[in-house]
Each structure stands twice: as C-alpha cells, then as structure tokens.
1. State whether the residues of the stretch 17-25 include one that is modelled with pLDDT of 90 or more, farther than 24 Å from residue 399 by Cα and assigned to a loop (DSSP other than H, G, I, E, B).
2. Exactly one of these conditions fails for residue 162: (1) at pLDDT 90 or above; (2) outside any strand (DSSP E or B); (3) under 28 Å from residue 24 (Cα atoms). Give me its number.
3. Tally the residues that are in contact with a helix residue (DSSP H, G or I) (Cβ under 9 Å, 6 or more places away or on another chain) and closer than 30 Å to residue 114 by Cα, restricting the search to the stretch 194-216.
4. Does residue 201 count as in contact with a strand residue (DSSP E or B) (Cβ under 6 Å, 6 or more places away or on another chain) and surrounded by fewer than 12 Cβ atoms within 10 Å (Cβ to Cβ)?
5. If you take the residues in the stretch 222-256 that are surrounded by fewer than 15 Cβ atoms within 10 Å (Cβ to Cβ) and in a helix (DSSP H, G or I), which one is modelled with the lowest pLDDT?
C-alpha cells in the first residue's frame, strides 16, 4: 500500500467508523424532534385550549432550543481589537477589515442565529475559512467564512483532550457543473496539505478518487470546532437531551389520552333504559345507535319494564391536567429554561404583573448560566477565527490597508435579559448619595453625550423656575 493509499484509507475509515455513524444518527433524531416529526395531530380547539391553559402548543423540544437562540440573538454581535498605545489608526483599519469580512459573510446576525440554532439543536458545529481566488485562480483576494452543520463534518482528534485536530474532513453531495450531475465530494484539511476527493452517487465507499490537492501554506487547519457545552467527550450534547425527549413523549401520550377521553367523556350523555332500538322503515332491521356528545344511548330491556331516562355525567379531567402541569415543570427543571421562556404563563407573567430586574435575574439564573456557556464557546471560536484571518492575510500578502502586529481581538455577545430602568436609576442615585460615583459619571452612563451642556441646561431651567417662584410670591403678596 502506498503512502497516498494509506492516507486515503485513514480518512475513509474515520468518516465511516462506528462512532461517527452513531453521532450522525443522533443528529438526525434531534432534527426530527425539533422539526416536530414526533408531534401528534391535535384539533384546533384542543391546541387553543392547551396554549391558553399551559402555554403548550405541541413541540417542547423546539421551544427549548429557540429559547436560548432568542435570548442570545436579540442584538448583533460586535467586534473590537483592543487598542495599543501609538497603534490606534492601524488597529482601527484592522478592525474595519475584519468587520467587513464578518458583514459580507452575515456572521453578525443571520449566520450567528444559524450557528446558535445548530449548536443548541445538534450539540456542535464548525466555522470554516475558505480562500476566495481571482478569476485566474492564482491569487487570494478575499476570505469566506461558513457555518457548517456537524452532519457533514469529521474532525479527527490528535490527543485525548479532544482539543487538537489531526485533520478535518467535510463530506457532502454537490452538483458537478461540467458533468451536469450530482456527486459525493470530500475535502480533507491537514496542517500542511489539503486534498479533495469525489465519487459518483450510489457507489461504494471505497470508490473515492483524488481530484485535487495543494500545499496548506498556513500551517494550521482553517476550521474552528464549536461545542454546546464543555465536557470530556469528543462530541458535545444537544439541548434536546434524552431526558427532554422522554418528557416530550410523555407529554404527547398525556395529550393523546386527554383528546381521547375528551372525545368520549367530555359531555353529559343521556341513556334510555328499557326501550328497544328503532327499526329501519325500509329494511325492518334495528337502526345502528350513534354514540357521542349529545347522542342518546338506548339500552333494551324486557317488555314489562317501564323505560327510564337517565344521564351519565361528564368525566373529570383534573388528573390529566395535573399530569401535564407536572411534566411542564420537569421540562423547566431539566432544561434550565424558565416558564416565562416556554410561554407557560402567557404574556402576563402570572398574577403579579411584570417582574422587576431583580426578580428576573433570580428566575433566569440557571438559564443565564447555560446560555453564557454557549455564548462564550462561540465567542472563543470567533476570536480564533479572527486571529487565523490575520495570519492567512499575512501569508497571502493580501492588501489589507493595515500593518500586521499582535492583534488582540474581542467578540461581544449580549444576552436578551430585559433591563429594569427604574431599578438602574435607583442604584445610580444611591451611588451618588454614598459618593461612590459622581453625578457626571452617572450622566455619562445614562447616555448623555455632552455632560457640560446638559448641566448648563439644568442650571438654566433651575434659575427660570426660581425666578418664576419669586415673581409668583411677589404677586401674591401684592394681592394680600
């Protein structure tokens, strides 16, 4: 076996080994739960009732995933490069260059939301930097950054800590324009070489053919693997955990029971004891008695019995309602998603009105911890992407408009916890009273750009008010 064949076999074995097979099957299962393939079909009136009573519309898995996505994507991410004395202009140009790449690749909001959803839904994803070549395909003119779903990614870890990659493979079906047909395509990235393979659709896994390869001049793998939470496993865990799937199944079972029982027992039913079924006038056969809401049940008896009319009261559904309530409480505990985010309390947040900032932080404490971990993992990956962009631009001799140096990039992701302006103002007033902060500093925190101008306006208004009060006093004294 040649060296090339050994390398080829190595990556093929990794792509198709048992670990990756189970991982991809799990992604598919999570996708089904999120998309609602496990949803039960509910009548419109039942859906409306459940939504009003429990804030439940069918798919709790989707609600859990979308809660963290919505919480972290209220505002676009922001970029900055920390300033170094004497390098302000150079750093500003570098910051603008990176920002433009992020903007063109929709990483500030659109693909940021995509990344958050894949991260929460499947447990991991990848950022990949690709070169953009000129028309002659000889010179790098730009870079493309893509968000890759983990189903097509195959990182091969070098160490037991799952931090350093030996190589990174991506495999998917693409359209071959010259041949006008679809084919399997694989790109394998090593720190020193990049190779591309293809094979026709429907062929066996050993039919890969090397079609292209080139030197990786950068000396690193231009990919960042992003997890959903830090652990000592090769693969991370989705927000759609096994516990949540069990609860989703249990909720579906309870609602199926509720719908079935409601159909059979939700209404008072009447029965006639001691009468005979009416005969069909055409055939002379007993007519089939229909059962259901508003229907009459006829129970035949001997001829000497006097017919009696009776009723069967509607069934009591309190037990099923209590079960649903407990399941939804368990969902909140297991997923660390508060009831407010699951819309269990509707828009009224219970009978106590809108919570204060302190109450919100208490309610959201565990959820904030969970989403902060997600945000920090994406933040770290994006900062590494920025560092790699600078190194790649330096190697490619790209005309960036700035001088390369040891830049220190920072990515900022803001969560969506509502702020309590009243609480914030009370804290600031206490800080002024206790001489922790000056009024000028507090005015700056409140967004006043020209503090001195604002203070002059306040003094002017105070003088006018004092003048008016003095004039009013004088007029009153004259009247007296």
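1. Keep residues of the stretch 17-25 that are modelled with pLDDT of 90 or more, which gives 23-25.
Still in the list and also farther than 24 Å from residue 399 by Cα: 23-25.
Those left that are additionally assigned to a loop (DSSP other than H, G, I, E, B): none.
No, the stretch 17-25 contains no residue that is modelled with pLDDT of 90 or more, farther than 24 Å from residue 399 by Cα and assigned to a loop (DSSP other than H, G, I, E, B).
2. That leaves (1) as the condition not met.
3. Our first condition is that a residue be in contact with a helix residue (DSSP H, G or I) (Cβ under 9 Å, 6 or more places away or on another chain); within the stretch 194-216, this holds for 195, 197, 205-206, 208, 210.
Okay, now just the ones that are also closer than 30 Å to residue 114 by Cα, so 195, 197.
Result for the stretch 194-216: 2.
4. yes
5. Among those that are surrounded by fewer than 15 Cβ atoms within 10 Å (Cβ to Cβ) and in a helix (DSSP H, G or I), it is 256.
Yes/no matrix, rows are residues, columns are (1) over 29 Å from residue 25 (Cβ atoms); (2) assigned by TED's automatic domain parsing to the domain that holds residue 28; (3) part of a helix (DSSP H, G or I):
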site: 65; (1), (2), (3): no, yes, yes
site: 69; (1), (2), (3): no, yes, yes
site: 97; (1), (2), (3): yes, yes, yes
site: 106; (1), (2), (3): yes, yes, no
site: 125; (1), (2), (3): no, yes, no
site: 128; (1), (2), (3): no, yes, no
site: 147; (1), (2), (3): no, yes, no
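The values are calculated or read from the model by the stated rules, or taken from the named source; none is laboratory data. All values derive from a computational prediction rather than experimental measurement. Every residue, glycine among them, receives a Cβ derived from its backbone with ideal geometry; neighbour counts consider all protein chains shown.
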